[in-house]
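The values are calculated or read from the model by the stated rules, or taken from the named source; none is laboratory data. What you see is a predicted model, and the numbers here were worked out from it, not measured in a lab. Note: ideal-geometry Cβ built from the backbone for every residue, glycine included; neighbour counts use all protein chains shown. Ligands, DNA and RNA are excluded from the accessible area calculation, which covers all protein heavy atoms including side chains. Shrake-Rupley method; radii C 1.70, N 1.55, O 1.52, S 1.80 Å.
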Amino acid sequence: MVPTMSTRSTAAITFDVHNLSARRGGRTIFENLSFSLKDGSALMVTGPNGSGKSTLLRILVGLLRSEAGTITLTPEDTTEICYAGHRDGLKGGLSVLENLIFWSRLYGAEQDAVNQAVNRMALDTVLEMPADMLSAGWRRRAGLARLALGSASIWILDEPYTALDAENVDRIDSLLNEHVTAGGVVVLATHQAPGFTPNHKINMADYPAKTPEVEW
């Protein structure tokens, strides 16, 4: 099972973004973006390639700095955030099981959490395989299994459905639905419609740079 709110922080969650702008490669790629999320909220971020979806998510988790704007997280605890980007977060030379044990120890998860994550993502047949020998779909499943290990209240996911077949898309949808129902928060960037219904959506194409760029 996904960790319930009893194993997460019970404090009310607010995640406020106000007038956010970002530059990359010397140009502004979006500006004046705002949204506000609270317990039990899901935000789907869409938009064409290059519109800033991945940049936005990396700013939200502190991997990049914004050009302008503010991000307010309550409670102010970055351990409340679990980020899964384009890379799967796996050590190629370690087996799938060793990777999951590493993540479980990092999260301080209970011993049985690894078995639960394995069952949720149906990883039992590849547990002893080195991660770098897995197909793209298996790697994605193994990487996303860490969502079922931790107690983070906010999940920020970049294209979580990449390389997954319909059966495993359903597995991710189930994780997301349970997380939101338990009071968690999800922000995900995706090109495909998920099998659950986010209560917030933004299209990055609606926040293009309006500031004229200076040509030298």
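Taking 0.36 nm per residue of separation and subtracting the current Cα-Cα distance, fully stretching the chain between His191 and Met133 would add 18.2 nm. Both radii come from the Cα set of region 171-214: Rg as radius of gyration, Rh as Kirkwood radius; their ratio Rg/Rh reads 1.17.
Computed from the alpha carbon atoms alone, the convex hull of region 32-102 holds 149 Å³ per residue.
Quote the FRET efficiency, to the nearest 0.05, computed for Ala205 versus Leu106 with a Förster distance R0 of 45 Å and r equal to the Cβ-Cβ distance.
Details: r = 36 Å, r/R0 = 0.81.
After rounding, the FRET efficiency stands at 0.80.
Taking only alpha carbon atoms, the chain gives an Rg to Rh ratio of 0.98, where Rh is the Kirkwood radius. Over the chain, dividing the summed -39,500 (n - 2.57) contributions of all DSSP H runs of at least 4 residues by the number of residues returns a 222 nm mean residue ellipticity of -7500 deg cm²/dmol. Working from label points 7 Å from Cα in the Cα-to-Cβ sense, the Thr162 to Thr74 distance is 3.5 nm.
Take Thr181, Thr70 and sort them by solvent-accessible surface of the protein heavy atoms, 1.4 Å probe, largest at the top. Show your work: numbers first, answer last.
Working: Thr181 120, Thr70 75 Å².
Most to least solvent-accessible, the answer reads Thr181, Thr70.
For region 134-155 versus region 80-99, the inter-centroid distance based on Cα atoms is 7 Å. Comparing Gly25, Gly92, Gly137 in a Gaussian network model of the chain, where Cα atoms under 10 Å apart are tied by springs, the biggest mean-square fluctuation is seen for Gly25.
Could you order Ile59, Ile71 so the one with the most accessible surface comes first? Probe is 1.4 Å. Numbers along the way, then the final one.
Numbers: Ile59 10, Ile71 65 Å².
Largest accessible area first, the residues go Ile71, Ile59.
GNM on the chain, alpha-carbon springs under 10 angstrom: the most fluctuating residue among Phe30, Phe15, Phe196 is Phe196. In the full protein context, the chain carries 50 Å² of accessible surface per residue, based on a 1.4 Å probe and ignoring ligands, DNA and RNA.
In this label model, Asn119 and Arg24 are separated by 3.9 nm, measuring between points 7 Å along each Cα→Cβ vector.
At a temperature of 4 °C and a viscosity of 1.567 mPa s, determine how fast region 107-155 diffuses translationally according to Stokes-Einstein, using the Kirkwood radius over alpha-carbon pairs as Rh; express D in µm²/s, rounded to the nearest whole number.
Numbers: Rh = 11.4 Å.
Taking Rh from Cα pairs, D becomes 114 µm²/s.
With K and R counted +1 and D and E -1, the other residues having a Cβ less than 11 Å from that of Gly89 yield a net charge of +4.
For the options Asn49, Asn177, Asn115, a Gaussian network treatment of the chain with springs between C-alpha atoms closer than 10 Å singles out Asn49 as fluctuating the most. Label-to-label distance, Asp16 versus Leu64, with points set 7 angstrom from Cα along the beta-carbon direction: 2.5 nm. Taking every alpha-carbon pair under 8 Å whose residues sit at least 6 apart, region 82-216 reaches a relative contact order of 27 percent. Over region 104-216, the alpha carbon radius of gyration divided by the compact-protein estimate 2.2 N^0.38 Å works out to 1.30.
Most simply put, the chain has about 45% antiparallel DSSP beta bridges, counting only bridges with both residues inside it.
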